[in-house]
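Notes follow the structure.
The values are calculated or read from the model by the stated rules, or taken from the named source; none is laboratory data. Because the structure is a prediction, the values reported are computed rather than measured. Glycine also receives a Cβ, built like all others from the backbone with ideal geometry; neighbour counts cover every protein chain displayed.
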Amino acid sequence: MSPMPTSDTPRGAASAAFLAGARTAATSVFVVVITVTYVGFGALAHDFGFSVGWAMLSTLLLWAGPAQVILVTALGSGTTLIELAVAVGLSSVRLLPMVVALLPLVRPARSRFWQLVVPTHFIAVSVWVEAMRLAPGLPRDDRIAFCNGIGVTLIGAGTLATAAGFYLSAALPLLFGAAAMFVTPLSFLVSTARNSRLLLEKAALGLGLVIGPVFAFYKVELDLLWTGIVGGSIAYAVHRVRAAMA
Amino acid sequence: MTNFILEPYLALLLLGFLPSEMWRWLGIVVGGGLDEGSEIILWVRAVATALVAGVIARIVLIPPGALASVPLTVRLAAIACGFLAFLAIRRSAFAGVLVGEAVLVAGALAFG
């Protein structure tokens, strides 16, 4: 291995930082989580009748697990277009605070909107956690390249895993397809529970699990959307009441 | 997909990419002007969490394709065991997924 290039060669330093990010991602726990999750997504897309190219492109373009699962589930079962767009939008709102929290740490001085479009596209829970943890320890000029290295590696792993899940679901016994698909609700449930630090989020998770089936059973129109709004608002109200009593 | 009027790739762009990606763009525009603990962000987080919970419940109770071949009781037992394993084993997501999958496969083989 050659020594790290010195920082007076900007291009060399940037590519070294990119490779450091790629190495970080490839050895993190998230590469396993991403692979397993997207094998499940690939199997799901296969069973809803989408093509492998569509499934891979959705991983590249959306790079947001819940939004992709909502898209496939709802498109496949003929939900109205407006409900679908709003449900996808709501499920990805969490990206906004993540971008807002990370950008001040990694953006170069005097950066323009278009320079940040690609780096922020990589932001998902996994990339965000690693970038927030490690980027502050690097020289500011290297941070974006480092984040890009993490992002490209994980989004690449996710896209390949999508294809793998798609073909495995088509080729292997029915039980494999069922098991691969079951990864999605399992990993969503435990990772949402793990990220729920506030009572507000725990309550919203529990309420959504109960209200969702009730609305679906009574065939409420826009049931996913109402599950989010009703469950989330009750949880928020509980949080406000507790805050007022404290 | 028979009752769907948009071409799948157009749907991917308009109903998937745009509604999701706009939050990343908005994040660049908003920059440091938004407090992560602000009331509106808290409400939005609660709504998004409940919505994801609704998606979880829907996949377990009204599953697509291959998963529908596994009996409902096995699916419910598997998701419950996965969650309990997650709580019991140091809140490890990996342990939760592993145990849930093991229960699903064992249950499907025994009762499927």
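What the table shows:
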| item | result |
| --- | --- |
| Given (1) out of contact with any Ser or Thr (no Cβ under 8 Å at 6 or more places or on another chain); (2) not assigned by TED's automatic domain parsing to the domain that holds B:V99, number of the condition B:A77 does not satisfy | (2) |
| Verdict on A:L189 being crowded, with 17+ Cβ neighbours inside 10 Å, within 21 Å of A:A237 (Cβ to Cβ), at pLDDT 90 or above and not polar (S, T, N, Q) | no |
| Near pairs, Cβ below 6 angstrom, 6+ apart or cross-chain, from the range A:207-227 (outside the structural domain of A:A87 (by TED's automatic domain parsing)) to any residue that is surrounded by fewer than 18 Cβ atoms within 10 Å (Cβ to Cβ) and of a type in the set (G, A, S) | A:D223/A:A216 |
| 2 or more residues in contact with a strand residue (DSSP E or B) (Cβ under 7 Å, 6 or more places away or on another chain) and modelled with pLDDT of 85 or more: qualifying helices (runs of 4 or more DSSP H) within the range A:1-115 | none |
| Pick from the range A:34-57, criterion within 19 Å of A:V129 (Cα to Cα) and surrounded by fewer than 24 Cβ atoms within 10 Å (Cβ to Cβ), ranking: farthest from the other protein chains (Cβ to nearest Cβ) | A:T35 |
| Matching residues, the range A:58-81, being more than 19 Å from A:L96 (Cα to Cα), of a type outside the set (A, V, I, L, M) and buried (at least 24 other Cβ atoms within 10 Å of the Cβ) | A:S58 |
| Residue that is surrounded by fewer than 17 Cβ atoms within 10 Å (Cβ to Cβ), within 14 Å of chain B (Cβ to nearest Cβ) and touching a residue at least 60 places away in the same chain (Cβ under 8 Å), where the choices are A:A180, A:A170, A:A109 | A:A170 |
